[in-house]
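All remarks here apply to the structure that follows.
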């Protein structure tokens, strides 16, 4: 008997006693805010939560993207920037030293940074997901260089993890990114910047909402203090008050303060 | 002993067994005050963070119930889901291998690496490969495996063993880590301080060359979706992304219980796992891939190694729900004091105390089910609601049954229990025995408590006092009282 047949036979023998497995009850919050449904509150929550993970988040009007990207890249002192196939040309128009694919690993290692689009962004967790689609490059593309700037259209922001799972294609290679690379391996204190990009910038681009009306956004091109989105955040947390105010960074760090503030 | 005759994880390979009895190993660990300080600091930090991360989620208990139910469904139909996974992975260009135990898995991986002609591989932190002792097997075959997770690197460079599921170097503090780096890492800067940021930067520089040159990588898997053949690795540092993405050949070793039936099920587990393990809303990086992607060669090794033996016990099989978050370690009063090494197995703490003895058979880890106060904190935090305390009690009974079955002649414990049963089965014998207990009053004269029992009973009082028997037994008191009342009635 092959190992395969033997393992299957073992499993069948030992699970023979299990019968009438009840249906899995899914009484948790279901997917509710898919792509194209983001309002200002959801965009604000994404902005705040991504910021909690030490990503620097900027907002941009649709016509301003090239300037906002060029500003962000310049702020980081990055020059040689990889721009993947399918990245909108009008967004990379003001980058001066653009390197086009294909790029092997050594070439990627020689870049200062890359710009990509994303497949989906999750407000509640401050996560962006890349699926190697147009404008995103290969998985290595957004990994090897030390600086990653991701452009998120407001219509790509979904509410929570179930919304993202529903919106993604399980056959594609997916990379879920929440802030720059980090470790807690030394005394369980969080250190940003290990093997992945040590710097993550996110540019949120305002676009037409699902209703066809422009989402009303306070366009802003520079990061700065902004009002917390109390009502929505408490919806997602189920508690009153808001734990992670912008400026008060990182969930882990704020756990003790959070107790006193809630 | 095997349960229902299912083969357990073989001896002589991997790291699932206690080397010394837990009480001995724990006593040794407790003497290390540095270890206790490191553990106390780390576990109290993560406990507070986890509590905050979980409190944010209004439907945590619903997610937890769904997580438990999904995993129970996996276990009930494991054969079907494994075949489905195999079909999907194969259809997408991957190759699936089946390994009955650690030796077979090690052999499969070694042969796959040999076929590539490579002598060096990079590894993503993986409990399954720790469990089967893959690094040692590869070293014996002349293949050098480099651990790329920071904590695993610290353990590997320190010629040490992991002591925590999530943070294997939790027993080391920053000073000790700096010393290990300076001693073992040729490219570490001479002026290296003990700042975690500097230590992390040194590890980044050290591993970068290896990542960019690596041709073969070995990983574990957090989840495997039967429906779509998608595998998921959840991590923080980016070493996982490096290993999963850059090398031409990827070999993933996963326990057969890691399956989830449907793509949709990830919506539950990607909420449960990060908040339970690193206490984050989401871990920095999660990679998912289905089959061979981006021109890679992909091999998936499905590992039994005692899992079917665990599945055979209806009261123990829920241990296979475990998603290796390590929340139970961080809240355990025993783990917090002894650390992970005392458990012997790569799975320490409460989950290890129920998992290791089942994977190996209780005869090979007989102390672990007793390494607990049964306080229940582990059950409270478990994201898949494994009732660890109840399972510990059940496994204790299996340990006793196993000893009875294998011990030549009665054990002292069994003899005592049999004597007790004989005494208690007859009221006169019982009354006599209780009165004989008066003799015990002689022992506790000085402190009004019995501090040391004589002879073989001394073990009982080695770590606890015994109350001094009362002057009068309850039965004598009751009889006296009834007599007195009876006399009263006569007078009335």
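Each reported figure results from applying straightforward, stated rules to the coordinates on display, with no laboratory input. All values reported here derive from a predicted model rather than from experimental measurement. Note that we place each Cβ from the backbone using ideal geometry, even for glycine, and neighbour counts take in every protein chain shown.
Before moving on, here are some points about what is shown:
- Under the simplified labelling scheme, the residue B:407-residue B:447 pair shows an inter-label distance of 2.8 nm, with each label point 7 Å from Cα along Cα→Cβ.
- Our summary gives chain B a relative contact order of 21 percent, counting only alpha carbon pairs under 8 angstrom and 6 or more residues apart.
- Seen through its C-alpha gyration tensor, with square-root eigenvalues sorted a ≥ b ≥ c, the stretch B:412-491 comes out oblate because a/c lies at 1.5 or above while a/b is not bigger than b/c.
- Average partner coverage of B:197-204, which counts Cβ from other chains inside 10 Å: 5
- Estimated [θ] at 222 nm from DSSP helical runs (n ≥ 4, -39500 (n - 2.57)) normalised by residues in chain B, nearest 500: -15000 deg cm²/dmol
- Working value for the protein assembly as shown: equivalent-ellipsoid semi-axes of 52, 30, 25 Å, each the square root of 5 times a Cα gyration tensor eigenvalue, largest first.
- Gain in span if fully extended, residue B:474 to residue B:48, counting 0.36 nm per residue against the direct Cα distance: 148.6 nm
- Stretch gain in nm, segment residue B:160-residue B:24, where the contour uses 0.36 nm per residue and the Cα spacing is subtracted: 47.0 nm
- Sequence of B:138, B:457, B:303 once ranked by neighbouring C-beta atoms within 10 Å, starting from the fewest: B:457, B:138, B:303
- Within the stretch A:111-150, backbone nitrogen closer than 15 Å to the virtual label 7 Å beyond the Cα of residue A:79 toward Cβ: A:111-113
- Within the protein assembly as shown, antiparallel bridges make up roughly 35 percent of the DSSP beta bridges whose residues both belong there.
- Ranked list, fewest to most other Cβ atoms within 10 Å of each Cβ, for A:195, B:159, B:97, B:77: B:159, B:77, B:97, A:195
- When peptides A:129-136, B:412-419 are sorted by average Cβ neighbour count within 10 Å, with the highest value leading, the order is A:129-136, B:412-419.
- Here the calculated FRET efficiency for residue A:67 and residue B:248, from their Cβ-Cβ distance with R0 = 45 Å, stands at 0.65, rounded to the nearest 0.05.
- Relative contact order %, the stretch B:412-491, counting alpha carbon pairs below 8 Å whose residues are six or more apart: 24 percent
- Among beta bridges from DSSP that stay inside chain B, the antiparallel ones total about 30%.
- Shape category assigned to chain B from the gyration tensor of Cα positions, a/c cut at 1.5: prolate
- Cβ-Cβ FRET estimate between residue B:421 and residue B:262, R0 fixed at 41 Å, reported to 0.05: 0.20
- Packing-based ranking, highest mean first, of A:171-182, B:27-38 given that Cβ atoms within 10 Å are counted: A:171-182, B:27-38
- Residue by residue along B:160-166, Cβ atoms of other protein chains within 10 Å of the local Cβ number 1 on average.
- Between residue A:98 and residue B:374, the simple spin-label model (points 7 angstrom out along Cα→Cβ) gives 7.0 nm.
- In this label model, residue B:428 and residue B:120 are separated by 8.5 nm, measuring between points 7 Å along each Cα→Cβ vector.
- Mean per-residue shielding of peptide A:26-36 is 4, counting Cβ atoms of other chains within 10 Å of each Cβ.
- Cα long-axis angle, helix B:196-213 against chain B (0 to 90 degrees, to the nearest 10): 50 degrees
- Fewest-first sequence of B:289, B:422 by Cβ atoms within 10 Å of each Cβ: B:422, B:289
- Whether the stretch B:22-309 is rounded, prolate or oblate, judged on the alpha carbon gyration tensor where a/c under 1.5 counts as rounded: oblate
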